[in-house]
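Asker: Right, I'll just put the structure down here and ask away after.
The values are calculated or read from the model by the stated rules, or taken from the named source; none is laboratory data. Please read all numbers here as calculations on a predicted model, not as lab measurements. Note: ideal-geometry Cβ built from the backbone for every residue, glycine included; neighbour counts use all protein chains shown.
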Amino acid sequence: MKTVFITGASSGIGAALAERYASEGAMLGLVARRQDMLEQLRQRLPNAERHKIYPLDVNDHAALTAAVVNFIGAAGVVNIVIANAGISVGTLSEFTADLPVFARVMETNVLATVATFAPFIAHMKQHAQQEDCRLVGIGSVAGIRGLPGAEAYSASKAAVISYCESLRIELRASGIKVVTIAPGYIDTPMTQINKHPMPFMISAEKFAVKAVRTIAAGNSYRVIPWQMGVVAKLLRLLPNWLYDRLFSKAPHKPRVNDDGII
């Protein structure tokens, strides 16, 4: 029986991954801020009594570590850790009010990924020669080239991609595989606020099927869906002057402050 720990599990990609793994008989540790949504998710999963829920903020590193310790104790061996928790909001560096938003995005998308993986590494090193052990970082196509109006989100996802690459090399000899998945447009609450066209969008359920296959194969890096992978490669090849011209008028994600969308 596989054991899987997922952050950002209460909705969107995280919930779809939980449903997919549970349908395959896995035992799950599910992390999100809202206990009611976690409990609703658990109750609709097969073998609901098997799964553990941890209502906490991933930026509370002490609480996150305590959840990891508890799940390791319950699971015995943890096979897969998916650092999926993340936020996506528009930011503009010219506005000083956006600086704390920038910090929150970086803390949630980058530092919390490190805080999720860190307490599992010693445990996985003890078992990776006999068991499949995977650390999975969720990046984004937005981390491949910077998008206007999304300085924080693009920077955070670029950091996740580079961090996972560094970690993959660092852990290579241990037998722990580090998998980076860069979603394109996935139909989730995070993308539903966007007003601009979103090419090649797929459902969270279809994403989960492809992601679970990628994780099982231990692939080092994959863009899902594949069409966005082609687009991402082409964008990476564009010279800066052409990329700047093409994307200078691209639509922006809404900015937010403490009172909501600006």
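Asker: Being modelled with pLDDT under 90 and either over 30 Å from residue 96 (Cα atoms) or within 20 Å of the chain's Cα centre (by Cα) (or both), is that true of even one residue in segment 204-222? Steps first, answer last, please.
Answerer: Pass one, segment 204-222, residues modelled with pLDDT under 90: none.
The answer is no; no qualifying residue exists.
Asker: Restricting attention to segment 230-250, which residues are touching a residue at least 40 places away in the same chain (Cβ under 8 Å) and either under 30 Å from residue 79 (Cα atoms) or assigned to a helix (DSSP H, G or I) (or both)?
Answerer: 231, 232, 235, 236, 243, 247
Asker: Looking at (1) surrounded by fewer than 24 Cβ atoms within 10 Å (Cβ to Cβ); (2) over 21 Å from residue 124 (Cα atoms), find the lone condition where residue 52 falls short.
Answerer: Single failed check for residue 52: (2).
Asker: Still on this structure: Among the residues of segment 57-81, count how many are touching a residue at least 24 places away in the same chain (Cβ under 8 Å), part of a loop (DSSP other than H, G, I, E, B) and over 24 Å from residue 181 (Cα atoms).
Answerer: Final tally of qualifying residues: 1.
Asker: Step by step: first the residues of segment 236-262, then only those that are at pLDDT 85 or above and within 12 Å of residue 145 (Cα to Cα), then the one that is surrounded by the most Cβ atoms within 10 Å (Cβ to Cβ). Which residue is that?
Answerer: That would be 238.
Asker: Inspect segment 86-96 for any residue being over 22 Å from residue 33 (Cβ atoms), surrounded by 15 or more Cβ atoms within 10 Å (Cβ to Cβ) and touching an Asp or Glu at 6+ places or on another chain (Cβ under 7 Å) and give the result as yes or no.
Answerer: Yes, there is a match, as at least one residue in segment 86-96 is over 22 Å from residue 33 (Cβ atoms), surrounded by 15 or more Cβ atoms within 10 Å (Cβ to Cβ) and touching an Asp or Glu at 6+ places or on another chain (Cβ under 7 Å).
Asker: Can you find, within segment 117-176, the residue that is modelled with the lowest pLDDT among those that are closer than 30 Å to residue 237 by Cα and of a type in the set (D, E, K, R)?
Answerer: If we take residues in segment 117-176 being closer than 30 Å to residue 237 by Cα and of a type in the set (D, E, K, R), then 145 is modelled with the lowest pLDDT.
Asker: Could you figure out which of (1) part of a helix (DSSP H, G or I); (2) farther than 22 Å from residue 42 by Cβ; (3) not hydroxyl-bearing (Ser, Thr, Tyr) isn't true of residue 94?
Answerer: With respect to (1) part of a helix (DSSP H, G or I); (2) farther than 22 Å from residue 42 by Cβ; (3) not hydroxyl-bearing (Ser, Thr, Tyr), residue 94 is out only on (1).
Asker: Can I ask one more? Going residue by residue through segment 99-109, is there one that turns out to be surrounded by fewer than 22 Cβ atoms within 10 Å (Cβ to Cβ), among the aliphatic types (A, V, I, L, M), in a strand (DSSP E or B) and touching a helix residue (DSSP H, G or I) at 6+ places or on another chain (Cβ under 7 Å)?
Answerer: no
Asker: Where residues in segment 55-71 are more than 21 Å from residue 41 (Cα to Cα) and touching a helix residue (DSSP H, G or I) at 6+ places or on another chain (Cβ under 8 Å), which of them is surrounded by the fewest Cβ atoms within 10 Å (Cβ to Cβ)?
Answerer: Per the criteria, the residue is 69.
Asker: Could you pull out the residue among 79, 70, 84, 47 that is at positive phi and of a type in the set (S, T, N, Q)?
Answerer: Numbers: 79 fails: at positive phi; 70 fails: at positive phi; 84 fails: at positive phi.
Exactly one of 79, 70, 84, 47 is at positive phi and of a type in the set (S, T, N, Q), namely 47.
Asker: Whether any residue in segment 30-42 is under 15 Å from residue 70 (Cα atoms) and either buried (at least 19 other Cβ atoms within 10 Å of the Cβ) or not basic (Lys, Arg) (or both) is what I want to check.
Answerer: Yes.
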